[in-house]
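The next block holds one structure in the form of structure tokens; read it before the comments.
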Amino acid sequence: MKFNETDICNKVYNDTVYALKGSELKTCLADVKKVIVYIWSPFCKSDACLSIGAVQDYCNENGYDLFVVLETYDSEIINVQRSPTRPYFSIDHLYHESNAMDKHWKSFTKELTGKSKPKGRYMEFIGGKHSSMIDLNKLINK
């Protein structure tokens, strides 16, 4: 995992996970018309947890850029996922000051969206502004 990387917005997939702050991701999203930020967990068993490949396909078909932010990292599970166009990102827990997932997740999403309690794994941004939380499972599996 790389911390404090420069030019993070223009990276493409390359087997490296980049830790970032909510404000850094927000800066990247400002220059992209339509974005889905997917908070992905390798151990999620919910119907809401789709494969990265399925979400990338949905994004490609619907004009979205996809940013995948890993909740946790598990190389075995991530290696069987189809790679997204952009690199994997992770929450910079050193900046967001906690190793407890729920605490640094809340700090990260508040900095990213401006909302204190966004719920869901899929955040839509239009023109760099947080638009909504969407249920991709319903859209992809309809």
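The values are calculated or read from the model by the stated rules, or taken from the named source; none is laboratory data. On a predicted model such as this, the values are computed, not experimentally measured, just so you know. Note that each Cβ is placed from the backbone with ideal geometry, even for glycine, and that neighbours are counted across all protein chains shown. Only protein heavy atoms, including side chains, enter the accessible area calculation; ligands, DNA and RNA are left aside. Shrake-Rupley method; radii C 1.70, N 1.55, O 1.52, S 1.80 Å.
Numbers below:
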quantity	calculated
Yes/no for Ile36 being under 17 Å from Ile126 (Cα atoms) and open to solvent by less than 60 Å² (accessible area, probe 1.4 Å)	yes
Residue in the range 23-38 that is at negative phi and touching a Ser or Thr at 6+ places or on another chain (Cβ under 8 Å) present	no
Meets criteria (modelled with pLDDT of 85 or more, more than 23 Å from Ser107 (Cα to Cα) and either among the hydrophobic types (A, V, I, L, M, F, W, C) or loosely packed, with under 15 Cβ neighbours inside 10 Å (or both)) for Asn79	no
Selection within the range 92-106 - surrounded by 12 or more Cβ atoms within 10 Å (Cβ to Cβ) and modelled with pLDDT under 80	His93, Leu94, Tyr95, His96, Ser98, Met101, Lys103, His104, Trp105, Lys106
Scan of the range 20-52 for residues that are over 11 Å from the mean Cα position of the chain (by Cα), of a type in the set (A, V, I, L, M) and over 22 Å from Ser116 (Cβ atoms), ordered by number	Val32, Leu50
Test: residue in the range 14-22 that is under 23 Å from Lys129 (Cβ atoms), among the aliphatic types (A, V, I, L, M) and not in a helix (DSSP H, G or I)	yes
Lone unmet requirement of (1) open to solvent by less than 40 Å² (accessible area, probe 1.4 Å); (2) at pLDDT 80 or above for Asp65	(1)
